[in-house]
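The values are calculated or read from the model by the stated rules, or taken from the named source; none is laboratory data. Given the structure is predicted, the values throughout are model-derived calculations rather than measurements. Reconstructed Cβ throughout: ideal geometry from the backbone, glycine too, with neighbour counts over all protein chains shown. Keep in mind that these areas ignore ligands, DNA and RNA; they rest on the heavy atoms of the full protein, side chains included. Shrake-Rupley method; radii C 1.70, N 1.55, O 1.52, S 1.80 Å.
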Amino acid sequence: MTLPDPEQLLEHLYQQLEPRIQENTALVGIYTGGVWLMERLLKRLQTELGHDILFGKLDAAMYRDDYAQRGLKTSAHPAYIPFDINGKHIILIDDIFYTGRTTRAVMNELFDYGRPASVQLAALINRGGAQLPIRPDMVGADLPLQAHQSFDLAMNTLGRLSLSISESASPAKSGADDHA
């Protein structure tokens, strides 16, 4: 498979995101890749729209329904929600959408902070394989992968994104990581 340039996918995502920004909108990036994307999108949105946009960051690790099976793979990032989410239009931003479990976990954590007016999901790539009734509202590209494959999004020191595919020795188990 020839992989698209993730910078072009980010542009496509921006085009879908920009008209959805309202006065009462906040962006929330999901660690790690979703935070990278959120920071890039936020900077451009604030420059082009000419006003500040509320933002936050969440890590789904402790809220996942398969935490007991997976354990904590890496150190969890602290949540950063420096605003009252009640009545806000929240746009969650993630890099790779797979099963929907990470999104569900982040929504559980988000609702610990209050009750937003709405929650939408933007993902750079929807790789297919949803196991829950959750889908991205905005997506850079739909790029299906087999269960034993996963996307790897990286960012270099200059902030440029790159995308690759890795293969595991055995097919992924049911409930695999959403960031695969």
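Observations on the model:
- If you go through segment 73-115 and keep only what is touching a helix residue (DSSP H, G or I) at 6+ places or on another chain (Cβ under 7 Å) and free of Cβ contacts under 8 Å to residues at least 40 places away in the same chain, you end up with 76, 79.
- Flag if residue 111 is farther than 23 Å from residue 39 by Cβ, more than 16 Å from the chain's Cα centre (by Cα) and not aliphatic (A, V, I, L, M): yes
- Every condition in (1) assigned to a strand (DSSP E or B); (2) out of contact with any Phe, Trp or Tyr (no Cβ under 7 Å at 6 or more places or on another chain); (3) touching a residue at least 40 places away in the same chain (Cβ under 8 Å) is met by residue 154 except one, and the failing one is (3).
- The residues of segment 1-55 that are exposed (fewer than 14 other Cβ atoms within 10 Å of the Cβ) and of a type in the set (Gly, Ala, Ser) amount to a single one, 50.
Here is a yes/no grid of residues against (1) among the charged types (D, E, K, R); (2) in contact (Cβ under 8 Å) with a residue 12 or more places away in the chain:
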| residue | (1), (2) |
| --- | --- |
| 27 | no, yes |
| 31 | no, yes |
| 35 | no, yes |
| 38 | no, yes |
| 41 | no, yes |
| 47 | no, no |
| 52 | yes, no |
| 57 | yes, yes |
| 61 | no, yes |
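- Residue match in segment 74-95 (condition: modelled with pLDDT of 95 or more, of a type outside the set (D, E, K, R), open to solvent by less than 10 Å² (accessible area, probe 1.4 Å) and in a loop (DSSP other than H, G, I, E, B)): yes
- Of all residues in segment 76-96, none satisfies the criterion of being on the phi > 0 side of the Ramachandran plot and among the aliphatic types (A, V, I, L, M).
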